[in-house]
Amino acid sequence: MGSSLEKGLPFVVYRKPNERELTAIFQSDAQLKTTKDFEESGFVFAPFSLNEGVVLIQPDEVFRTHTDFESEVKNKKLVISEDGQKEHIHLVEKGIHAIQSGELKKVVLSRKIDRKISKNPIQIFKDLLGNYPNAFCYFFHHPKVGAWCGATPETLVRIKDGQLKTMSLAATLPYEENKQPEWGAKEIEEQQMVSDHIKDSLGNLMEELIIEKAESIRAGKLWHLRSEVKGVPLPNTSLSEIINSLHPTPAVCGIPTKEAQDFILQNENYQRTFYTGFLGELNLWAPKEASLFVNLRCMELSSNQAAIFVGGGITAGSVPEQEWIETQNKSKTMLGIL
């Protein structure tokens, strides 16, 4: 990993949720390769807006090794800056207005936080591995794209042996010791919207589709509501059709998808690039197989700077000040690692 960084060659190192195996994929030249139809083999790194091009790391060398990282980052009392509060509240108010006027049902609005860092990237990655055993943890580097790492709790889609799995994930509450989360109507409705959207967009590509009932799951210091989704794609359904029907999910974009994405691209005060895109294995071990995750809880690393990203789902019942607090709570996940 260190030598590929020094040579400026593309690579990715990752560990899947609840596994102990670390996989590393190295490309032997620095060329920027992309995929349009998801027929190639390798590791994909896709932006929020697919028009920007889906990066492919070609698997010229693949290594797998067992790892154990126990490091618990001891959180010093985090002091979180209130910078950007006015702008974010204004953005959320615009989102609520678009929902009230009927053009959107839900929109996910986010912001970027820049932080000076002194920790080296390999240590940041080790800390992610040690702290988030049930997330997809990765470190991605491409000389023409940059360096990203993260620990995402959300599956975009897994396809193996003709079986499809995904999830409907939404709603957030802070984790409190020995207390179960108490979900309100806003959170329950928000998660149900995601389930309905998956049913509508995937339904006609599937022989069967089962959406299980919502359960509370913990991801670090936060609770979410999640339903497992499984099914069998129709024999002639391509991977590309499945990916395009699921991305961007309502958990990172909104409903209806196209209008919400347009609203985000026009109104957020920065470019998301690969935040809320997706990443993972593509036809790597077998054809028609994919294991893809939504790029949440991630950061972009440059020489002595990290950019982290936080957002939240806005619905008709949202309160702008509460939405600001939610993004502040979410920011603790990655700021704690730094």
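The values are calculated or read from the model by the stated rules, or taken from the named source; none is laboratory data. Since we're looking at a predicted model, the values are computed, not measured. Here the Cβ is made from the backbone with ideal geometry for all residues, glycine too, and neighbour counts use every protein chain on show. Remember, those area values only see protein heavy atoms, side chains included, never the ligands or the DNA or RNA. Shrake-Rupley method; radii C 1.70, N 1.55, O 1.52, S 1.80 Å.
Just a few scattered comments:
- Of the residues 99, 124, the single one that is within 21 Å of the chain's Cα centre (by Cα), open to solvent by less than 30 Å² (accessible area, probe 1.4 Å) and among the aliphatic types (A, V, I, L, M) is 124.
- Residue tally, condition in contact (Cβ under 8 Å) with a residue 60 or more places away in the chain and in contact with a His (Cβ under 9 Å, 6 or more places away or on another chain), over segment 150-174: 9
Residues are listed down the side, and each one gets a yes or a no for (1) touching a helix residue (DSSP H, G or I) at 6+ places or on another chain (Cβ under 6 Å); (2) at pLDDT 95 or above; (3) at positive phi:
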| position | (1), (2), (3) |
| --- | --- |
| 46 | no, yes, no |
| 55 | no, yes, no |
| 69 | yes, no, no |
| 79 | no, no, no |
| 83 | no, no, no |
| 86 | no, yes, no |
| 102 | no, yes, yes |
| 112 | no, yes, no |
| 120 | no, no, no |
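- Strands (runs of 3 or more DSSP E) contained entirely in segment 145-234, each with at least 2 residues that are closer than 30 Å to residue 325 by Cα and in contact with a Cys (Cβ under 9 Å, 6 or more places away or on another chain): 146-152
- When the residues of segment 14-36 are filtered to those that are of a type in the set (A, V, I, L, M) and in contact with a Phe, Trp or Tyr (Cβ under 9 Å, 6 or more places away or on another chain), the one that is surrounded by the most Cβ atoms within 10 Å (Cβ to Cβ) is 25.
- Of the candidates 274, 263, the single residue that is within 16 Å of the chain's Cα centre (by Cα) and among the aromatic types (Phe, Trp, Tyr) is 274.
- Remark: pairs (first residue in segment 43-67, closer than 24 Å to residue 18 by Cβ; second residue assigned to a helix (DSSP H, G or I); Cβ separation under 7 Å; 6+ apart in sequence or on different chains) = 67/129.
- Cβ pairs under 7 Å, 6+ apart, first in segment 231-247 and under 20 Å from residue 197 (Cβ atoms), second open to solvent by 20 Å² or more (accessible area, probe 1.4 Å) and among the β-branched types (Val, Ile, Thr): 231/210
- Residue 128 vs. criteria within 27 Å of residue 169 (Cα to Cα) and part of a strand (DSSP E or B): no
Residue by residue, here is whether (1) at pLDDT 95 or above; (2) under 17 Å from residue 336 (Cα atoms) holds:
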residue	(1), (2)
131	no, yes
140	yes, no
145	yes, no
151	yes, yes
156	yes, no
175	no, yes
194	no, no
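- Long-range neighbours under 7 Å by Cβ, at least six apart or interchain, first residue over 23 Å from residue 231 (Cβ atoms) within segment 182-208, second hydrophobic (A, V, I, L, M, F, W, C) and open to solvent by less than 90 Å² (accessible area, probe 1.4 Å): 183/171; 183/225; 187/171; 187/225
- For residue 164, the conditions (1) exposed (fewer than 14 other Cβ atoms within 10 Å of the Cβ); (2) within 20 Å of the chain's Cα centre (by Cα); (3) not basic (Lys, Arg) all hold with the exception of (1).
A quick yes/no check of all residues on (1) of a type in the set (Gly, Ala, Ser); (2) modelled with pLDDT of 95 or more; (3) open to solvent by 40 Å² or more (accessible area, probe 1.4 Å):
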site: 216; (1), (2), (3): yes, yes, yes
site: 221; (1), (2), (3): no, no, yes
site: 225; (1), (2), (3): no, no, no
site: 252; (1), (2), (3): no, no, no
site: 260; (1), (2), (3): yes, yes, no
